[in-house]
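No value in this document is a laboratory result; all are computed from the given coordinates. Given the structure is predicted, the values throughout are model-derived calculations rather than measurements. In this analysis, Cβ positions are derived from the backbone assuming ideal geometry, glycine residues included, and neighbour counts consider all displayed protein chains.
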Amino acid sequence: MATIPDFKSHDEIAWCPGCGDFGILNALQKALVRLNKAPKDILMVSGIGQAAKTPHYVKANCFNGLHGRALPAAIAAKIANRNLTVIVTTGEGDCYGEGGNHFLHNIRRNVDITLIVHDNQIYGLTKGQASPTTEVGLKTKVQTEGVINIPFHPLEAAIALGCGFVARGYSADSEHLASLIVEGVGHKGFSLIDVLQPCVSFNKVNTYQWYAKHIYKLEEGYNPSDKMAAYKKAQEWSERIPLGVIYKTEQPTFEEKSGIDKKIPLVDELIEHIDIQEEMESFV
């Protein structure tokens, strides 16, 4: 059975001291151990950003895509080799901003992968401009008079689009977050886990102290299968911010709807030898 050291890479971690990403990394490694997965059976995919460095710090298969383009690569890998456990770990700017189109349409496809979004409401890698989830009024080096755009609400959007697993975690509670990751990976279909993650360098509003006053775990007896109740719960913010599985339902996956789950995985298909030079000349 794997242990946490089995999932620790030798890469030097380049995050700022106190960054919330450390808690997410810790929770992710705990979850992989609890899932009883071997590093060779896991693919970590990311785009660009501070959060997108996470796959480098996990000993497993790794793919870094272009900015906002983590999901297409992850979906393709899962379709080609459905035996892989595919986890995307990236930031809210990369996923909800540059990758917003992929986020929306891969919820519709419902391929069996897990998406973990490090949501610190700021662009950390590029030094602190507003991200899609930044609150109105926050002043940055770019938005010097304060943000005027309405923030994107990922949980509300995901529930409205029919995402089968929608959860929110907090980076400072790695035990709770690890349990959400385990449940998300175990869910059949597309799973979203949005993680509140303080940026100690550039977001001086959504700090550890601020979250400590506002977050709470979903009460015992909460029913995540009630879509309208879940949507209402996802709307809570500022004064009370819920953590846990907000919405959960079973529905056919892309693999099932397309029939590829009945076929031999592409990675196991025998590939006939082809003379590439001869094929290229046929196009001349």
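Numerical summary
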item	result
Separation of the ILE260 and ALA38 label points, Cα + 7 Å toward Cβ, nm	2.5 nm
Listed peptides 70-76, 43-49, 123-129 by packing density, highest first (mean Cβ within 10 Å)	43-49, 70-76, 123-129
Relative contact order [Cα under 8 Å, 6+ residues apart], the range 47-109, whole percent	39 percent
Signed unit charges on C-beta, dipole axis of the range 228-284, positive-most listed residue PRO252, GLN277, ILE241	ILE241
Alpha-carbon centroids, the range 152-190 and the range 232-284: separation in whole Å	18 Å
Fully extended contour minus Cα-Cα distance, from ALA14 to LYS204, at 0.36 nm per residue	66.4 nm
Extension gain, PHE283 back to ALA80 (0.36 nm per residue minus Cα-Cα distance, nm)	70.3 nm
Percent of Cα-Cα distances greater than 22 Å, calculated over the range 4-281	56 percent
Positive-end residue of PRO198, ILE42, CYS95, charge dipole of the chain with Cβ unit charges	PRO198
Sequence-distant lysines (8 or more away, or on other chains) whose Cα lies within less than 26 Å of LYS40	LYS8, LYS30, LYS53, LYS59, LYS78, LYS188, LYS262, LYS263
Cβ-Cβ FRET estimate between GLU135 and LYS188, R0 fixed at 45 Å, reported to 0.05	0.85
Of ASP194, ASP11, ASP173, the one that fluctuates the most in a GNM where the chain has Cα springs shorter than 10 Å	ASP11
Proxy reagent accessibility, fewest Cβ within 10 Å first, across PHE152, PHE7, PHE254, PHE283	PHE283, PHE152, PHE254, PHE7
Percent RCO, i.e. relative contact order, over the range 4-281, from Cα pairs under 8 Å lying at least 6 residues apart	18 percent
